[in-house]
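To start, the structure itself, in structure tokens.
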Amino acid sequence: KSITLEFRIDEIKIINFFENSYLEYKLKSPNIMKGKCDLGFKVKIDPEKNTVAIPIKATFYFLEKDERYELFGIEAVYIYKIKNFSEKFCVDKDGKHNIPDSFIKTLLGTTISGIRGMLVALHKIPEYQKIILPMFDTTRLLDVFKKRNETMD
């Protein structure tokens, strides 16, 4: 049986944002377009507050001859308020809430989209606004997260 889950973004906290000039690294504009992105996140469940928080950190960098040049990055926390939390998510024998992966992937996708929007709003260096960030497969991200034995409760 399918359940309907309703949520809202309750709060967004920007922990850190940085932007280093690629010119200070003596890089050229075409180089930075070939940069890479690290993405890390956690999932924190608070049944007393009916929330799921996703702290996330994204760093865009360029590698050249074993040298890593961090160009820009952001760290934030998205807090989602879940309607009827205790009715929707049962507790298993280990005391953890059984939240469907599909719902966590929805929240993660919303978080990543929000981070993209923040980067557009916060960038001051015009060249960074031209960078097309990679797509992230939320299924793969969640699988890696679970394999690292991170707790979701």
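The values are calculated or read from the model by the stated rules, or taken from the named source; none is laboratory data. Computed from a prediction, not measured in an experiment: that's the story for all the values here. Cβ sites come from the backbone with ideal geometry, for glycine too, and all protein chains shown count toward neighbours. Only protein heavy atoms, including side chains, enter the accessible area calculation; ligands, DNA and RNA are left aside. Shrake-Rupley method; radii C 1.70, N 1.55, O 1.52, S 1.80 Å.
Quick look at the numbers
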quantity: Of all residues in the stretch 113-153 being in a helix (DSSP H, G or I), at pLDDT below 95 and polar (S, T, N, Q), the one that is most open to solvent (accessible area, probe 1.4 Å); calculated: 129
quantity: In the stretch 27-61, the residues that are open to solvent by 30 Å² or more (accessible area, probe 1.4 Å), more than 24 Å from residue 10 (Cα to Cα) and not in a strand (DSSP E or B); calculated: 28, 29, 30, 31, 33, 34
quantity: Test: residue 80 is buried (at least 18 other Cβ atoms within 10 Å of the Cβ) and assigned to a loop (DSSP other than H, G, I, E, B); calculated: no
quantity: Filter result (within 30 Å of residue 88 (Cβ to Cβ) and of a type in the set (Ser, Thr, Tyr)) within the stretch 2-36; calculated: 2, 4
quantity: Where residue 110 falls short, out of the listed (1) open to solvent by 30 Å² or more (accessible area, probe 1.4 Å); (2) assigned to a helix (DSSP H, G or I); (3) closer than 30 Å to residue 21 by Cβ; (4) not acidic (Asp, Glu); calculated: (3)
